[in-house]
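What follows is calculated from the coordinates using simple rules that are stated; it is not laboratory data. These numbers were taken from a predicted model, which means no experiment stands behind them. Note that each Cβ is placed from the backbone with ideal geometry, even for glycine, and that neighbours are counted across all protein chains shown.
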């Protein structure tokens, strides 16, 4: 998970992360090369045979939610077995054969147990964070750790209810994670030596949000989210953090979530979209230069009936957000959202009681108007990514993989295929060279999506 996942968990005008360390076509970190769920892949199939995409290989894994990262034809995944061992596995992308592994003791058990987070891979090293807070930099050639930390022990924190769920982000000579300690919420290390370079002040209680790097108001910065308590009497903050010294550049407390998981999504015009489950809903905020520095202003707020993703990152495509608007409390399915907050459509038909009158010049909240709308997929809390102008969406409850033509007009499905049986299939996917990696709780499959 980023999985983080759950209750349990564009590179357009603004780039979601500095990723010059990744080569074209790799998927070297959580949510892909730009950390926005978007792949540069082209030449993918726009329909599938009745039997679904060809399965190139399949391998067993320990229980969990950790998705893979891919670099230079190698697949990296932090596996976990028997509540006591983390195993960093390196597999061949072509055949799924294990090239090497490194295991270490990591005793601990949490709710919705098992592996958690994709590693982050550069040209020399693999950076991985395990459920118990073990943070390793492992050499891709020697297959041994270059350095090792523990985010809980080092910053005197307790194991969170759903474990440590962190996907490291790289920027320059730094590797950055959210330790989420009161006096070290986000921390940055030298990516080669492991020396601590800075730590940020607290942003709230412990959640499950990984940091990301964005450019807002002309300044590259880390953005992170802290959790509130359940009734929001103790607030968390969405904040921008200096890449130089970890100081807080701006804060926003207008949106609160007691179990936040997705990190903010960059929008054009120095804006961010934040979303969550647990009745948090969503919000758009804008960061601008003020008299004394950067400041954040709320653009709009959306209640949980309108939009809220508990686990997965929304995808921005052609000035519309595509959101897996599902949580413990509601299942509204895939939702297409205009940047003014208007719901263009969702795959769950909207009850008459929830259809809002349209503002002047706006489109009203859309009902599902496709034939057989009642049979459209809800996707539960499965992942989806964008590639070759198509959304590849996985249903976390049914194990069905869907190929969707993203359009604000209506939900347009191109293909679907049954890939897995199981439960809580919430892991992030990865795509490289037309090969889609997708998993359930105990198996990883590689599917061929490439057009011949």
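At-a-glance table
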item: Count - residues of the stretch 51-79 that are outside any strand (DSSP E or B) and in contact with a strand residue (DSSP E or B) (Cβ under 8 Å, 6 or more places away or on another chain); result: 11
item: Boolean, residue 92 is farther than 19 Å from residue 440 by Cα and either surrounded by fewer than 17 Cβ atoms within 10 Å (Cβ to Cβ) or in contact with a helix residue (DSSP H, G or I) (Cβ under 8 Å, 6 or more places away or on another chain) (or both); result: yes
item: Among (1) in a strand (DSSP E or B); (2) farther than 23 Å from residue 186 by Cβ - the single one residue 123 does not satisfy; result: (1)
item: Wholly within the stretch 413-452, strands (runs of 3 or more DSSP E) carrying at least 2 residues that are within 19 Å of the chain's Cα centre (by Cα); result: 430-432, 435-439
item: Flag for residue 98 being in contact with a strand residue (DSSP E or B) (Cβ under 6 Å, 6 or more places away or on another chain) and either at positive phi or surrounded by fewer than 16 Cβ atoms within 10 Å (Cβ to Cβ) (or both); result: yes
item: Qualifying positions in the stretch 187-210 - surrounded by fewer than 24 Cβ atoms within 10 Å (Cβ to Cβ) and in a strand (DSSP E or B); result: 189, 190, 196, 197, 198, 199, 205
item: Given (1) surrounded by fewer than 23 Cβ atoms within 10 Å (Cβ to Cβ); (2) more than 19 Å from residue 203 (Cβ to Cβ), number of the condition residue 294 does not satisfy; result: (2)
